[in-house]
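First the structure, in the form of structure tokens, and then the observations on it.
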Amino acid sequence: MKAASRILLVAALMISIGLHWAVMQSAAWVGMAVTYSVKTGSVVQGLSDTFDGEHACPLCHMVKEGTKDPQPNDDSVPTKMVKELKLHLAVASIPKFVFQKLPGIEWITISQTGHARPFTPESPPPRSGVLA
């Protein structure tokens, strides 16, 4: 259930940002490259025909139509709306934080963290995983 919900969420996000058009265009290019390479007998010529813009396949035309911005047909709808926005800037003081030691709390300093060993280490140091 978790995997299915994640897949649905990813698919919804992909569609909401228009990534499905890029996936479809990529699939069209791969199909065109294979088709044109087999038809011409040359991979270089097949790739050239794929990306020259003159040999578009039906899927490429569908992607182009789908990614077009819709144009309003009604002349009563203004094509461009401009709104003036006035911003007023107010300067405020920056708060300063002062850290004070609280009573009853002992603060650790660097000199209190390190202690000398009461014994010297074994010489040579023991190897891990080797029994003596």
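The values are calculated or read from the model by the stated rules, or taken from the named source; none is laboratory data. The shown structure was predicted, so the numbers you read here are calculated from the model rather than taken from an experiment. Cβ atoms come from the backbone with ideal geometry, glycine included; neighbour counts cover every protein chain shown.
Condition first: exposed (fewer than 11 other Cβ atoms within 10 Å of the Cβ) and closer than 18 Å to Gly66 by Cα. Now tell me which residues in the stretch 19-54 satisfy that. Hit for the stretch 19-54 is Gly53, nothing else. For His55, indicate whether it is assigned to a loop (DSSP other than H, G, I, E, B) and either at negative phi or at pLDDT 90 or above (or both). Judged against the criteria, His55 is a match.
Of all residues in the stretch 15-37, those that are free of Cβ contacts under 8 Å to residues at least 24 places away in the same chain and at negative phi have Cβ atoms under 7 Å from Cβ atoms of residues that are part of a helix (DSSP H, G or I) and of a type in the set (Gly, Ala, Ser), 6 or more apart or on another chain, in Ala33/Gly46; Tyr36/Gly46; Ser37/Gly46.
Yes or no: the stretch 65-86 includes at least one residue that is surrounded by 10 or more Cβ atoms within 10 Å (Cβ to Cβ) and either among the small types (Gly, Ala, Ser) or at pLDDT 90 or above (or both). The answer is yes, given that some residue of the stretch 65-86 is surrounded by 10 or more Cβ atoms within 10 Å (Cβ to Cβ) and either among the small types (Gly, Ala, Ser) or at pLDDT 90 or above (or both). A count restricted to the stretch 40-52 and to residues that are at positive phi and among the polar types (S, T, N, Q) stands at 0. Scanning the stretch 4-17 for residues that are exposed (fewer than 11 other Cβ atoms within 10 Å of the Cβ) and within 19 Å of Gly66 (Cα to Cα) yields Ala12, Leu13, Ser16, Ile17.
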